[in-house]
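First up is the structure itself, then whatever we jot down about it.
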Amino acid sequence: MREQTAMMTLVMTVVVALTVRLGPDLMSNQTGIQPAGAIHASSPVAVAVAADNRNPVEGSPAATPVGQAVEQSTAETAEQKEQNPANAGVLSSRSGLLQNQQPAYTEEDLYWLAHVISSEAKGESLEGQIAVGAVVVNRVRDPHFPKTIKDVIFAKGQFDPVREETIYNEPSSSAVEAAKRVLAGENPVPDALYFYNPNTATDPWIRNLRVVARIGNHAFAAR
């Protein structure tokens, strides 16, 4: 009797253990209903967990699907901001420049300044060429002269190359360099509004002006 009781107890223990272990799977197979807390293999959560488990970097925010989604969203947002015209004017990390910043001069300014430097200061040192260009820019800033480089150059009776039409000759590479440096702010003669060659100038008026510098063959004068 005791042996039968022990055997029945063992059988019941095995049945209970199998029921506990296989019960959810049997219920799912028979009813198609997932037991509470079960995760279906094709569900988004299961996919996310599987993807997370495949990631070799543990503990990193970017290692989780959520972190990856946030990182991708952030990258897309940054790209959209760069492409959005409304965001023009923000500091570009690639160029370090403000995208809506206007250039200090126009192509026309560079064109005519290089031409007048080449025709007025041909053969002069780079410093002498820069000084000639600086006089033109000084005049633009002075209230007694026109307000653009081209208008200053073509003002009646101001520059001989205009009258002689040598202003239209192709400028030298050094004149172009000098013009760029002047337009970038270089100015060795900030007070000068005139320049002349003391060896060839015959006008007594210009000779009576206050000379502020002598560079090469030119004297640079103020009022």
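Numbers at a glance
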item	result
Strands (runs of 3 or more DSSP E) wholly inside region 145-223 containing at least 1 residues that are in contact with a Phe, Trp or Tyr (Cβ under 8 Å, 6 or more places away or on another chain), at pLDDT 95 or above and of a type in the set (Val, Ile, Thr)	210-215
Hey, residue 184 closer than 15 Å to residue 113 by Cα, within 41 Å of the chain's Cα centre (by Cα), exposed (fewer than 12 other Cβ atoms within 10 Å of the Cβ) and touching a residue at least 12 places away in the same chain (Cβ under 8 Å) or not	yes
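The values are calculated or read from the model by the stated rules, or taken from the named source; none is laboratory data. Computed from a predicted structure; not experimentally measured. For neighbour counting, all protein chains shown are included, and Cβ atoms are generated from backbone atoms with ideal geometry for every residue, glycine included.
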